[in-house]
Amino acid sequence: MIFLSPEGPEAVDSALQFLASLFPRKLFEDSLPPLILRHQIYSLVKDRTTVDRRLSQLKDEGRIRIFQHGLDAETFFVTFTDAYKSKVLEFASGKEFARTVTKFLDSVVTSCPDISYDKKRMLNEFGFKDTEITQLVNAGVLTVRDAGSWWLAVPRAGHFVKYFIKGRKAVLGMIQKSKYKEVLLSDLQNRRTPRAVKLGIPYHIHDIIGAQLVDCVPTTTGTLLRLADD
């Protein structure tokens, strides 16, 4: 894979913009902010420490939000804060929980970059009632983490997660069926997109490379993607 240069914060910022451009907004009728998987950035910026440090900085500055959407403990989604707020407000508009969602965006999302919140903070620090917390869960901006705590969430992201799981499986299956369980990156990019790959092959290429599900092997004819050993 060709890594971005220079290997610094600018490379991480460029990677975020590039990966956001791959997100198929039309598939979701533009109802979701561009969702990027943290590990996708590793496919573009070689130094993972640089990536993690920059993401932490952007999160603390309030420019991005990070989500844990239930795939596994190590998989995190990233999106730009402004895009997140915009899509949440669009979704909540005219609904019974609209006022509570707006309050949450203004008082919690704006001031606190955490990816989860416990009941004590929600009640005492942020001034929400139990009924309002229930509204936020119903609105999809909070999902249950465990008893008395919640993950920050993206409303209507369930369809994305389903498409992501199916698409990853399909792309890995394409490599699995290839001779020696390997394929040239250029060949994979040019293949006809299977129906199961709703998010697009390029989106999943950065996923499987960043998640280290394939090894990138330099060859005279280009980068070879080989299924990683289990």
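The values are calculated or read from the model by the stated rules, or taken from the named source; none is laboratory data. Computed from a predicted model, the values in this text were never measured in an experiment. Every residue, glycine among them, receives a Cβ derived from its backbone with ideal geometry; neighbour counts consider all protein chains shown. When the accessible area is computed, the model is the full protein with side chains, heavy atoms only, and any ligands, DNA or RNA have been set aside. Shrake-Rupley method; radii C 1.70, N 1.55, O 1.52, S 1.80 Å.
What is the helix-to-structure angle for 158-176, meaning the angle in degrees between its Cα long axis and the longest Cα principal axis of the chain, kept from 0 to 90 and rounded to the nearest 10?
Tilt relative to the chain: about 10 degrees.
Scan around Ile64 for amide H atoms under 5 Å from its own, H built in the peptide plane at 1.01 Å from N, and keep only partners 5 or more places away or cross-chain.
It is Lys59, Thr81, by chain and number.
Could you give the dipole magnitude of the chain about its Cα centre, charging the beta-carbon of Lys and Arg +1 and that of Asp and Glu -1, in debye to the nearest 20?
Here the chain has a charge dipole of around 800 debye.
Mean-square fluctuation check for the chain, GNM, Cα pairs under 10 Å: which of Thr100, Thr220, Thr193 is largest?
Thr220
Could you list the trypsin sites (Lys or Arg not before Pro) in segment 133-182 that lie in coil according to DSSP, counting only those with at most 15 other Cβ atoms within 10 Å of their Cβ?
Sparse-neighbourhood loop trypsin sites (Lys or Arg not before Pro): Arg156, Lys177.
How do Asp187, Asp229, Asp13 rank by accessible surface area computed with a 1.4 Å probe, from largest to smallest?
In descending accessible area the options line up as Asp229, Asp187, Asp13.
Straight-line reach from Lys120: which aspartates and glutamates fall under 18 Å, measuring Cα to Cα and dropping same-chain residues less than 8 apart?
Asp130, Glu132, Asp146
Per residue of segment 112-118, what does 6.51 cos²θ - 1.76 cosθ + 1.60 with θ = phi - 60° give for ³J(HN,Hα)? Whole Hz please, x for Gly and Pro, Karplus curve as stated.
Coupling constants for segment 112-118: 10, x, 5, 9, 8, 9, 9 Hz.
Along segment 129-135, what does the Karplus equation 6.51 cos²θ - 1.76 cosθ + 1.60 (θ = phi - 60°) give for ³J(HN,Hα), rounded to whole Hz, x for Gly and Pro?
For segment 129-135, the Karplus-derived couplings read 8, 4, 5, 6, 4, 4, 5 Hz, x marking Gly and Pro.
Ignoring any ligand, DNA or RNA, what whole percent of the accessible area of segment 9-157 comes from carbon and sulfur when the probe is 1.4 angstrom?
48 percent
Starting from the 7 Å offset along Cα-to-Cβ, what nm value, one decimal, do you get for the label separation of Asp187 and Leu123?
6.1 nm
Going by Cα centres, segment 92-114 and segment 130-164 are how many Å apart?
After rounding, the separation between the Cα centres reads 13 Å.
In terms of modelled amide H atoms, which long-range or inter-chain residues lie less than 5 Å from the amide H of Leu37?
Result for Leu37 returns Val78.
For every other residue with a beta carbon closer than 13 angstrom to the beta carbon of Gly8, add +1 if it is Lys or Arg and -1 if Asp or Glu, then tell me the sum.
Spelling it out: positives minus negatives among the neighbours equals -1.
Calculate how steeply helix 48-60 sits against the longest principal axis of the alpha-carbon atoms of the chain, using the helix alpha-carbon long axis, and give the answer as 0 to 90 degrees to the nearest 10.
20 degrees
Within segment 141-159, list the residues whose amide N lies under 16 Å from a label point set 7 Å along Cα→Cβ of Asp114.
142-153
Can you give the percent of C-alpha pairs in segment 158-227 whose distance is more than 13 Å?
61 percent
Run the paramagnetic zone check for Arg226: 7 angstrom along Cα to Cβ, then residues of segment 21-41 with backbone nitrogen under 13 Å.
Residues passing the 13 Å test: none.
Computed over the Cα atoms of the chain, what is the ratio Rg over Rh, Rh following Kirkwood?
So for the chain, dividing Rg by the Kirkwood Rh gives 1.01.
Kindly provide the helix-only [θ] at 222 nm of the chain, computed as the sum of -39,500 (n - 2.57) over DSSP H runs of four or more divided by all residues, to the nearest 500 deg cm²/dmol?
-12500 deg cm²/dmol
On alpha-carbon atoms, Rg over Rh for segment 47-146 using Kirkwood Rh?
For segment 47-146, the value is 0.97.
Could you list the GluC sites (Glu not before Pro) in segment 25-123 that lie in coil according to DSSP, counting only those with at most 16 other Cβ atoms within 10 Å of their Cβ?
Within segment 25-123, the qualifying GluC sites (Glu not before Pro) (loop, at most 16 other Cβ atoms within 10 Å) are Glu29, Glu61, Glu74, Glu96.
For a quick check: with amide H placed at 1.01 Å from N, whose amide H comes under 5 Å from Leu224's, ignoring anything fewer than 5 positions away on the same chain?
Under 5 Å from the amide H of Leu224: Leu185, Val217, Thr219.
Students often forget the sequence filter, so: which lysines lie under 24 Å Cα-Cα from Lys177 once same-chain residues fewer than 8 apart are removed?
In chain and number order, the partners are Lys162, Lys166, Lys169, Lys198.
I want the local charge near Leu184. Using Cβ-Cβ distances under 12 Å, sum +1 for each Lys or Arg and -1 for each Asp or Glu among the other residues. Don't skip to the answer; put the middle values down first.
On the way: positive: Lys179, Arg191, Arg226; negative: Glu182, Asp187.
Net charge around Leu184: +1.
Taking the 0 to 90 degree range and rounding to the nearest ten, how far is the long axis of helix 81-92 tilted relative to the main principal axis of the chain, both from C-alpha atoms?
60 degrees
Which ³J(HN,Hα) values in Hz, rounded to whole numbers, follow from the phi angles of segment 211-221 under the Karplus curve 6.51 cos²θ - 1.76 cosθ + 1.60, where θ = phi - 60° and Gly and Pro get x?
The phi angles translate into 7, 6, 7, 10, 9, 9, 10, x, 9, 5, 9 Hz.
Quick one: among Thr143, Thr49, Thr219, which has the greatest mean-square fluctuation in a GNM of the chain with alpha-carbon springs under 10 angstrom?
Maximum among the listed residues: Thr219.
Suppose a student asked you for the relative contact order of segment 9-157, using Cα pairs under 8 Å spaced at least 6 residues apart; what percent would you report?
On the way: 183 pairs, mean separation 31.0, N = 149.
Answer for segment 9-157 is 21 percent.
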